[in-house]
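Chemist: Just dropping this structure here.
The values are calculated or read from the model by the stated rules, or taken from the named source; none is laboratory data. Keep in mind it's a predicted model, so treat the numbers as computed, not measured. Please note: Cβ atoms are built from the backbone with ideal geometry, for glycine as well, and neighbour counts cover all protein chains shown. Just so you know, the surface numbers come from the protein's heavy atoms only, side chains and all, with ligands and any DNA or RNA stripped out. Shrake-Rupley method; radii C 1.70, N 1.55, O 1.52, S 1.80 Å.
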Amino acid sequence: MANIDRFSIVTLIFFFLSTIFVIRPLKFHVRLPVVGRIQLTLGLMSAPIIAIAILWAAQCIGATQIRDGIVGTAGIKPYNILILFISLAYMAITLDITGVLQAAAFWVSNRGGNNGRRLFLYFYILLTGVSMIIGNDPVILSGTAFLAYYTAAAQLEPLPWLISEFAAANTASMVLFVGNPTNVVICEGFGINNAAFTAYTILPFLACSVTCYLGLAFQFRKPKHVPHKLPVSGDLDPRSVLRDPISAWVGSLLLLTCLVVVIVVSFFHVDVWMVVLPFAVVKFLFDMCWDHFRPKESEAEDAESAEDPMKSAIRRGMSHHESTITDNQTARQDLVISEGKRSISMNADLPSERRENTLSSSMATRVELEEQIPKCSSPVPSQRSSTTTAPQPNNDSQGRKLFPQTRIKFDAIHARLSRHFPTFFTALPRLPFGLIPFAFSQFILIEGLSHRGWIDVFGNWLVIASKREMIPTIWLVGVLGVILCNGAGTNIGATILLTKIVHAANMPPSTNRAAAIALAVASNIGAVSFTFSASLAGLLWDTILKQKKINTITQWKFAYWNSIPLLLMTSAGLAIVTAEMVVLYK
């Protein structure tokens, strides 16, 4: 039993304080010289780093723990995980930019027709299938925006469709080890072969996915949530949103080839990032060359984009993290609106008065959708000329702009590069760079807990509760994993912490493997939980909804509508893991 002293207590307190600010960010204003009054946020990006700085200054942790949190210990290599994840994210996001997901959604919408229940099922299957291949984050990025516009155009309540999308995307990410950063942590930490990981998780995934849909269908059974018949007729054109078929084919081929090669080389104990990074570099080079040599858009389209401040601002990349909808997505969203408006109509046998009312409602929906398009807070030039004058500050709350002429010059350069290389500059602000400091911070903080004896204490508690037996360990680790996703710094922090605790418990090999698979299930379905901060995907999802002015899905409603699917998935998933391990090891 490790000695717990005052340094240990302080370390544990600051670990949980950083977690609290990740769950509930604190925003406040400060006034700085020259810059003026600015808003600071103590949250996901800053709270763990500040906690590390304070713990280092208080000598609760040292340089060794910081180094171990970056380089890794016990087979877990943080840099490997992050290089892998960013590389795959680039490939998946640039594939999504081509319009593949929106085209597939249009095709599914056509298959569903005006049957609301059938369309609800088809969208769930589509999002599940896509998330299995490209992971949850790209689906959350693109699918959330699409459904926000689609439900508004089709006059549907958005909540059931968006909750279903979020559940489907996060549940399906447990199939491939590259589907979620937590999967990579588990494979690295427990030494699980990448192909074996999929073999272990495919049956729990199927059980979770089916029970999740049944739970969603039950709680959204009323027609006010998912109507039996939709006021939709006519077909949507999938080709209208497939902006770049050649890039779509090349991107799909590279991504699928990469996944196959990763599975093959996993048998030879090669670091995965050494395989994925070259594929991402090849995709980057293709994007740059293709954008450079392919026929450029007409001057008329450039002029049109200049007249639309929102599109121009997005093309210039001025929306950054808070605006995840890119210029390519904006064009596709306009098509979604126009196609949805065209397809919404009542049956031909309705009286003319009702048809006129429907048309008026459809036009009102169009106006409402246009109002929902987020306005960029960054200043936008009123014409294409690069000699645009500097924007005037809007009272002192905006702060004084530093180096306005230099900013204008760099904005003009950025605008030219964005027009010439749209794929890269569209994907760049969508890459999850925020994951890098956050993940490293979580590794360092948990190394600090280990250094101060807490991991040994928690491991001893796990031994006492489970007696190192397989079945109790599966359920303890699984249930704790789901709970800690909400209270240990997202599912990434929960996975790192529980991986260390299981190692400290010194379980037998079979029990150790069972704990790993239970944790894989818990860390993925744990995102479909009680707080948005249970996963980075949840934080991203909430940001997009606020951007779309869908303010009806509060934190409480998120927890309420996830409770039944989460309970069913936890029970079914861990039951299947138990059955698998009993068959394999007993």
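Chemist: Arg221 to Phe403: FRET efficiency via 1/(1 + (r/R0)^6), r the Cβ-Cβ distance, R0 51 Å, to the nearest 0.05?
Modeler: That pair, Arg221 with Phe403, gives E of 0.30.
Chemist: State which entries of Lys409/Lys549; Lys222/Lys557; Lys27/Lys548; Lys224/Lys557; Lys229/Lys549; Lys27/Lys409 exceed 23 angstrom in Cα-Cα distance in the structure shown.
Modeler: The answer is Lys409/Lys549; Lys229/Lys549; Lys27/Lys409.
Chemist: So, R0 is 51 Å and r is the distance between the beta-carbons of Val463 and Val261; what FRET efficiency does that work out to, to 0.05?
Modeler: 0.80
Chemist: Moving on. Provide Rg over Rh for segment 92-144; use the alpha carbon set for both Rg and the Kirkwood Rh (inverse mean inverse pair distance).
Modeler: We get a ratio of 0.98 for segment 92-144.
Chemist: While we're looking at this one, here's another question. Excluding ligands, DNA and RNA, what is the solvent-accessible area per residue of segment 78-225 at a probe of 1.4 Å, expressed in Å²?
Modeler: Averaged over the residues of segment 78-225, the accessible area is 25 Å².
Chemist: Using Cα pairs under 8 angstrom and six or more residues apart, how large is the relative contact order of segment 466-512, in percent?
Modeler: RCO, segment 466-512: 38 percent.
Chemist: For segment 1-74, which whole-number percentage of the solvent-accessible area (1.4 Å probe, protein heavy atoms only) is attributable to carbon and sulfur atoms?
Modeler: C and S atoms contribute 68 percent here.
Chemist: Same structure, new question: Label points 7 Å out from Cα along the Cβ direction at Leu285 and Tyr79: separation in nm?
Modeler: Distance between the two pseudo-spin positions: 2.3 nm.
Chemist: Once label points are set 7 Å from the Cα along Cα→Cβ at both Leu40 and Ile9, what is their separation, rounded to one decimal in nm?
Modeler: 2.8
Chemist: Let me ask something else. Quick one: which of 44-53, 447-456 comes out on top by average Cβ neighbours within 10 Å, and what's the full order, highest first?
Modeler: Top of the packing list down: 447-456, 44-53.
Chemist: In nm, to one decimal, how far is the Leu431 label point from the Ile49 one, both placed 7 Å along Cα→Cβ?
Modeler: A separation of 1.7 nm, rounded to one decimal place.
Chemist: Using Cα pairs under 8 angstrom and six or more residues apart, how large is the relative contact order of segment 405-527, in percent?
Modeler: 27
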